[in-house]
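Asker: Have a look at the structure that comes next, please.
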Amino acid sequence: MNDNIIQKRIDMFYMYTSFEDSPVEKIVTILKSNQSKFISGEKLSKSLNLSRAAIWKNIKKIQSLGYKIQSKTGMGYKLRAKTTLLLPWEISNGLQTDIFGRKIYYFNTIGSTQDFALRLTERPYENGSVIISATQTRGRGRLNRKWISPKGGIWLSILIKPNFEVSQTSIFPMVTSLALAKAIENILKKTPQIKWPNDIMLNNKKVAGILIDASVQSNKINYMIIGIGVNFRIDSKKILKSIKNSQRCSITTLVEKKDSADPIKLVQEFLLQLEQMYNNVISNNISKIRKEYINRSSTIGKSITLRTHNGIISGKAVSIDKNGALMISDGKKTKRLLTGDLTSR
Ligand code: BTN
């Protein structure tokens, strides 16, 4: 295979991280700190110890990542606008967390961010690592469903290695969905509701879903991989066509194409909310989380039907307990359920 073809393949599937300085990131940093003036190719080449040709090639790459760069003969390059891609250095810049997002991996495409996170579980120093991909080819949803993940969505996984008892795993759908709903409210000024256990709904349509993979050993959690999929700026009609009737609720985009909302800010706020709530779980302070979750629930008080491993259950959703379990009453008995597929009656 000739070098050009190999290079093209590398360019097709690329990965950036927040902890290895790539020339792309270095050039972006210099351009950002000189936003009001042009920086010559020569200056960039000297300060980064790269050839002029390498600078030019990287400028092209940076432009393909969505940054608007003006180039003028004899003057050099100037940054006009930054990207909205969830690039690691853009997320890190201004991120207020201590652990979540300490390391960020970004792909332009991947099978599933959950599966990549799984590959990191055996490695040290990966607690809190975040894996993001612009698109996924084998995105996974709850209950073994396919998760369609086109460009414009937020597809990310967080790997955590908590020192928790197994019984605490069921709190995480509640914690994660609340963190996401609050982040959406704080950044986008929209008020989403939560459909039990963890679908984020806007006007009765799903805008985000959460998938949690966990591994347990002798009553302790080895690791948890929290996956969130946000239909941030997507064409919901296209997605609906490909999922046909396999997913029962309808979906929508969180923001419209013309809306200038910044997904980077939403991810930063979500990681912050999640970390703060995670610390509350560690200190066993979950009554506030439960209360806030119930306030945002679109399920409590409704007559519902739930598909479970043991068949179909119908009744009124009366409450959520402190472990995130749904309490359903048929008027005589109240059942406690930790998982299931919900449809409103
Ligand atoms: C659901 O079914 O509602 C959960 C969807 C979770 C999708 C996200 S996208 C990022 C992460 N990677 C995956 O393959 N799935 C989750």
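Asker: Roughly how many Å is it from the Cα centre of segment 21-51 to that of segment 165-193, as a whole number?
Answerer: Rounded to whole Å, the Cα centres lie 39 Å apart.
Asker: Give me the distance between the Cα centres of segment 293-345 and segment 70-127, rounded to whole Å.
Answerer: Cα centroid to Cα centroid, the span is 38 Å.
Asker: When Lys and Arg each count +1 and Asp and Glu each count -1, what net charge do the other residues less than 11 Å away from Thr17, Cβ to Cβ, add up to?
Answerer: Details: positive: Lys103; negative: Glu20, Asp21, Glu25.
Neighbourhood net charge equals -2.
Asker: Report, in cubic angstrom per residue, the convex hull volume of the C-alpha atoms of segment 75-231.
Answerer: 145
Asker: Follow-up. Return the equivalent ellipsoid semi-axes of segment 273-313 as a descending list in whole Å, where each equals the square root of 5 times an eigenvalue of the C-alpha gyration tensor.
Answerer: Semi-axes (√(5λ), whole Å): 28, 14, 8.
Asker: To the nearest 20 debye, what charge dipole does segment 204-281 have about its Cα centre, counting +1 at the Cβ of each Lys and Arg and -1 at the Cβ of each Asp and Glu?
Answerer: 540
Asker: If you don't mind, there's one more thing I want to ask. What helices in the chain pass both tests, a Cα length along the helix axis of 27 Å or more and a mean Kyte hydropathy of -1.0 or higher, using whole DSSP H runs?
Answerer: Helices passing the filter in the chain: 263-282.
Asker: To continue, here is another question. Select from Leu156, Gln168, Thr121 the residue farthest towards the positive end of the dipole of segment 111-177; place +1 on Cβ of Lys and Arg, -1 on Cβ of Asp and Glu, and compute about the Cα centre.
Answerer: Farthest towards the positive end: Leu156.
Asker: Something else now. Just from the alpha-carbon atoms, what are the Rg and Dmax of the chain in angstroms?
Answerer: Spelled out, the Cα radius of gyration and Dmax of the chain are 22.2, 82 Å.
Asker: Let me ask something else. Using a Gaussian network model of the chain whose springs link C-alpha atoms within less than 10 Å, name the residue from Ser92, Ser47, Ser314 with the highest mean-square fluctuation.
Answerer: Ser47
Asker: For the chain, set up a Gaussian network in which alpha carbons nearer than 10 Å are linked by springs, and say which option among Lys332, Lys265, Lys146 fluctuates the most.
Answerer: Of Lys332, Lys265, Lys146, the Gaussian network model singles out Lys332 as fluctuating most.
Asker: Which percentage, to the nearest 5, of the DSSP beta bridges contained in the chain is antiparallel?
Answerer: On the way: 57 of 65 bridges.
Counting DSSP beta bridges with both partners in the chain, the antiparallel share is about 90 percent.
Asker: Now for a different question. With springs connecting C-alpha atoms under 10 Å apart, model the chain as a Gaussian network and identify which of Ala134, Ala214, Ala81 has the largest mean-square fluctuation.
Answerer: Ala81
Asker: Normalise the Debye intensity by I(0) for segment 81-168, one equal point scatterer per Cα, no solvent, then take log10 at q = 0.12, 0.20, 0.21 Å⁻¹ and round to two decimals.
Answerer: Values, matching the q order: -0.40, -1.00, -1.07.
Asker: Per-residue ellipticity at 222 nm for the chain, helices alone: DSSP H runs ≥ 4 residues times -39500 (n - 2.57), over residue total, nearest 500 deg cm²/dmol? The partial results should precede the final answer.
Answerer: Working: 10 runs with 110 residues, N = 345.
Helix-only estimate at 222 nm: -9500 deg cm²/dmol.
Asker: Whole number please: convex hull volume per residue, Cα atoms of segment 189-260, in Å³.
Answerer: 130
Asker: Give me the percent relative contact order of the chain, please, defined on Cα pairs under 8 angstrom at least 6 residues apart.
Answerer: Values: 636 pairs, mean separation 45.9, N = 345.
Once normalised by length, the contact order is 13 percent.
All of the numbers you see were taken from the coordinates with simple rules; none came from a lab. Treat the numbers as computed from the prediction; the structure is a model and nothing was measured. Backbone-built Cβ (ideal geometry, glycine too); neighbour counts: all protein chains shown.
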